[in-house]
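Take a look at the structure below.
The values are calculated or read from the model by the stated rules, or taken from the named source; none is laboratory data. Keep in mind that what you see is a predicted model, and the values were worked out from it rather than measured. Note: ideal-geometry Cβ built from the backbone for every residue, glycine included; neighbour counts use all protein chains shown.
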């Protein structure tokens with residue numbers, strides 16, 4: 001019994017550590033010889049602060065593109081929401097270091113996504129003459145919408161992000177707010193990318 005318990009614990013830790021990359025920020029750097037610039041992209045997964053709403057998790061990619069002549073920062077979002085929710089409003093907010101800034105939601109595109117999950121059950125029935133094998137299957141379809149959009153981060157916003165202890169993005173989907181808070185190692189990775 002003890003051996004089984006130890007094996008279960010080891011498998012659990014292996015599974016959890018193997019999936020932990022899905023919940024951490026990542027940073028990628030590119031030297032773009034075609035555009036003659038450098039690019040840093042920080043990807044941050046974020047869950048909404050609000051619980052039990054139609055708006056779900058987001059993937060945030062903040063891109064800093066720079067050369068000797070310019071330094072631009074753009075935030076790209078993919079936000080998952082239920083198929084019964086409203087689309088995103090064209091104005092959002094960023095709060096950093098105690099200051100609030102308006103964000104213009106640009107190039108918004110909605111994609112309908114779905115996944116089918118099928119479960120099959122097998123069972124045997126026996127009577128005096130024979131044994132019969134039967135199967136039943138159920139298929140559940142999960143449908144949701146991914147909203148993709150971008151917003152530009154101004155130099156004033158960048159200055160406040162560099163000094164912030166946490167960073168908050170707020171968007172509205174009809175009457176429902178969606179608030180994404182960035183802090184800890186994800187915010188540290190972002191600050192590093194903005195300071196390079």
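Can residue 135 be described as touching a strand residue (DSSP E or B) at 6+ places or on another chain (Cβ under 6 Å), in a helix (DSSP H, G or I) and farther than 30 Å from residue 83 by Cβ? Walk me through it before giving the result.
On the way: touching a strand residue (DSSP E or B) at 6+ places or on another chain (Cβ under 6 Å): yes; in a helix (DSSP H, G or I): no; farther than 30 Å from residue 83 by Cβ: yes.
In short, no.
Of all residues in segment 152-175, those that are in contact with a strand residue (DSSP E or B) (Cβ under 8 Å, 6 or more places away or on another chain), surrounded by fewer than 16 Cβ atoms within 10 Å (Cβ to Cβ) and within 21 Å of residue 78 (Cα to Cα) total 3.
If you take the residues in segment 115-151 that are surrounded by 10 or more Cβ atoms within 10 Å (Cβ to Cβ) and free of Cβ contacts under 8 Å to residues at least 60 places away in the same chain, which one is nearest to residue 64 (Cα to Cα)? Write out each step before concluding.
From segment 115-151, those surrounded by 10 or more Cβ atoms within 10 Å (Cβ to Cβ) are 132, 142-151; that's our starting set.
After this cut, where a residue has to be free of Cβ contacts under 8 Å to residues at least 60 places away in the same chain as well, the list is 132, 142.
Values: 132: 64, 142: 35 Å.
My answer is 142.
Checked against the criteria, residue 108 does not count as closer than 23 Å to residue 26 by Cβ and touching a residue at least 40 places away in the same chain (Cβ under 8 Å).
Would you pick out the residues in segment 99-132 that are at pLDDT 95 or above and assigned to a loop (DSSP other than H, G, I, E, B)? Matches in segment 99-132: 105 only.
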